[in-house]
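Step one of this worksheet: look at the structure below.
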Amino acid sequence: MNISILIVALHCCLADGFFAPQGTISRPIKSKLFAKKKKGIKPEIDDFDLSGGRPGSIIESEEELARKDEIFKEIKDGTREMPKWTSEYEDPSTLGDMQYDTDDPDVMDASTLGVWDIHDLKAKFDYELDPEKGDPDPNEKDPGLRYVEENPVDEDGVEIGWEPMRGASNPIDTRTIVGTTDSYMIDDDTRDDSMLTPSFHPGDIEQPFNDDIEKFRKSLDIIETYTDPFLGPDVEVPRNVAKWHGLPQRLSYPEKDFTNNRFTKEEDLTDFDSMSPYVARKTAVQYARAKNAEWLPESVSAEYHAKQRAPYEKVGTLMGTLREGEKDPEIVELIQPALKVLGSIVDLLSIEGEGKIFRFHYHGLIKNKYGMSCWAQTLIRDCGVECNNVVFETGFRKRDPQYDGGDPW
């Protein structure tokens with residue numbers, strides 16, 4: 001309240017002509033804040049312009065103070081009316097507990113809203129479809145109506161309006177109702193002809209003939225359509241369709257047994273529960289690295305490799321296989337010193353590339369394969385034979401399980 005009274009008093013003083021220059025020469029508004037300013041020197045307190053560049057003195061005179069006290073008394077007595085905008089500057093401490101009044105009936109009590117927990121994620125609103133509670137499916141078609149049996153297709157058998165990226169876009173689909181209806185506003189299930197004005201008088205001889213015409217018209221396979229200006233004049237939109245309400249929202253995946261798979265029988269499952277943690281992990285790694293795991297049918301891995309090798313087997317290539325090829329006896333005789341050094345770790349398969357590429361069946365460790373091939377190339381060159389490359393074939397062997405830490409799995 002004191003803040004608002006002070007603001008009103010200041011406004012009243014300005015309105016009555018106070019705070020005007022009293023015999024002083026006003027400076028320009030764009031005057032400097034410091035009367036004496038030197039670069040790099042902090043101004044003294046006497047040099048600082050307290051007016052901030054405003055014209056006139058900022059010190060109130062005795063007459064101004066007396067007028068201010070008079071205005072305060074008028075405000076307290078009620079003789080001076082307070083403006084409406086002064087309520088914005090009222091002190092909150094003067095309001096007391098009014099701002100925290102809880103008797104307002106429109107105020108929402110947070111304590112009545114309950115406590116949120118994880119089960120709220122599985123909750124649904126009353127208007128949402130919940131088949132688990134027995135709600136009927138609103139998407140079921142009315143058995144008393146006729147519908148399009150299949151989506152229309154073009155001459156090539158492709159569905160009309162179907163695109164690889166966006167899918168189906170034809171408004172006419174299997175939910176389109178075939179036939180005509182008497183009214184677009186009244187449902188046939190709630191229609192009461194007794195409330196309508198009769199088209200014929202009772203006993204009119206033309207009424208049976210008109211009934212036959214209506215029955216015949218409804219039996220025709222006619223799809224009533226209209227054109228939507230947003231879709232263009234070439235797109236026909238069916239007027240009578242079975243409304244699609246959408247599928248129920250799935251909040252979680254259906255629960256399944258963790259042993260569910262399509263190949264292993266229940267009696268042939270591996271009993272991991274009866275194993276210790278170490279044995280269970282070791283067995284799992286063994287199955288994961290095996291060529292025919294328990295979750296795969298028999299010979300799947302062999303069929304996969306055979307399919308990958310089929311093009312090469314058809315052509316009869318030697319690279320990547322352990323088949324032997326042509327060997328020049330003269331070259332074989334020249335590289336005998338190198339073959340004796342290599343010993344039983346390799347077997348010569350063929351000599352390709354005009355006698356400059358040597359293929360060997362390598363029996364050593366996979367980790368030494370590259371180094372051994374480079375050493376074999378050096379030994380062959382030391383025999384005086386030109387060698388461009390040495391290929392070590394290992395077949396389907398990709399690793400050395402017996403030497404990986406002493407444990408094959």
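Structure values in brief
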quantity: Within-14-Å neighbourhood charge of I223 [Cβ basis; K, R +1; D, E -1]; calculated: -1
quantity: T270, T378, T79, reordered so the largest accessible area comes first (probe 1.4 Å); calculated: T79, T378, T270
quantity: Heavy atoms of V315: accessible area, 1.4 Å probe, square angstrom to 10; calculated: 120
quantity: In Hz, Karplus ³J(HN,Hα) per residue of the range 139-146 (6.51, -1.76, 1.60; θ = phi - 60°; x = Gly, Pro); calculated: 8, 5, 7, 6, x, x, 10, 9
quantity: Pairs beyond 32 Å (Cα-Cα), from K265/K307; K356/K398; K256/K282; K124/K243; K124/K265; K340/K398; calculated: K124/K265
quantity: Sequence of H245, H305 when ordered by accessible area, the most exposed leading, probe 1.4 angstrom; calculated: H245, H305
quantity: Values of log10 I(q)/I(0), in the order q = 0.20, 0.33 Å⁻¹, for the range 339-378 under a Debye, Cα-only, solvent-free model; calculated: -0.60, -1.28
quantity: Sparsely packed GluC sites (Glu not before Pro) within the range 322-363, loop by DSSP, other Cβ within 10 Å at most 16; calculated: E324, E326, E354
quantity: Inter-label distance for I213 and D347, nm, one decimal - labels placed 7 Å from Cα along Cα-to-Cβ; calculated: 9.6
quantity: Solvent exposure ordering (accessible area, 1.4 Å, most first) of W85, W244; calculated: W244, W85
quantity: Backbone HN-Hα couplings from phi across the range 348-359 [Karplus 6.51/-1.76/1.60, Hz, Gly and Pro as x]; calculated: 5, 9, 6, 10, 10, x, 6, x, 10, 10, 10, 10
quantity: Extension gain (nm, one decimal) between M195 and K73, 0.36 nm per residue minus Cα-Cα; calculated: 35.9 nm
quantity: Pairwise label distance in nanometres, T180 with D257, each label 7 Å out on the Cα-Cβ vector; calculated: 6.0
quantity: Largest-first principal axis extents, alpha carbons of the range 179-254, Å; calculated: 63, 36, 21
quantity: Theoretical gain in end-to-end length, L113 to I357 [0.36 nm per residue, Cα-Cα removed]; calculated: 79.6 nm
quantity: I223 long-range amide H proximity, modeled H, under 5 Å; calculated: G179
quantity: Amide hydrogen neighbours beyond the local backbone of E393, cut-off 5 Å, H modeled; calculated: F360, H361, Y362
quantity: Table column - 3J(HN,Hα) (Hz), the range 194-206, Karplus curve with 6.51, -1.76, 1.60, x for Gly and Pro; calculated: 5, 8, 9, 6, x, 6, 10, 6, x, x, 5, 6, 8
quantity: For D130, residues with placed amide H under 5 Å, excluding near neighbours; calculated: D135
quantity: Prolate/oblate/rounded call for the range 121-213, Cα gyration tensor, a/c under 1.5 rounded; calculated: oblate
quantity: In Å², nearest 10: area of M108 left accessible to a 1.4 Å probe; calculated: 140
quantity: With all protein chains modelled, accessible area of F358 [1.4 Å, Å²]; calculated: 0
quantity: Percentage relative contact order, the range 211-288, counting C-alpha pairs under 8 Å, at least six apart; calculated: 14
quantity: Convex hull volume per residue in cubic angstrom - Cα atoms of the range 149-283; calculated: 326
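The values are calculated or read from the model by the stated rules, or taken from the named source; none is laboratory data. These numbers come from a predicted model, not from an experiment. Glycine also receives a Cβ, built like all others from the backbone with ideal geometry; neighbour counts cover every protein chain displayed. All accessible areas refer to the heavy atoms of the entire protein, side chains included, with ligands and DNA or RNA removed. Shrake-Rupley method; radii C 1.70, N 1.55, O 1.52, S 1.80 Å.
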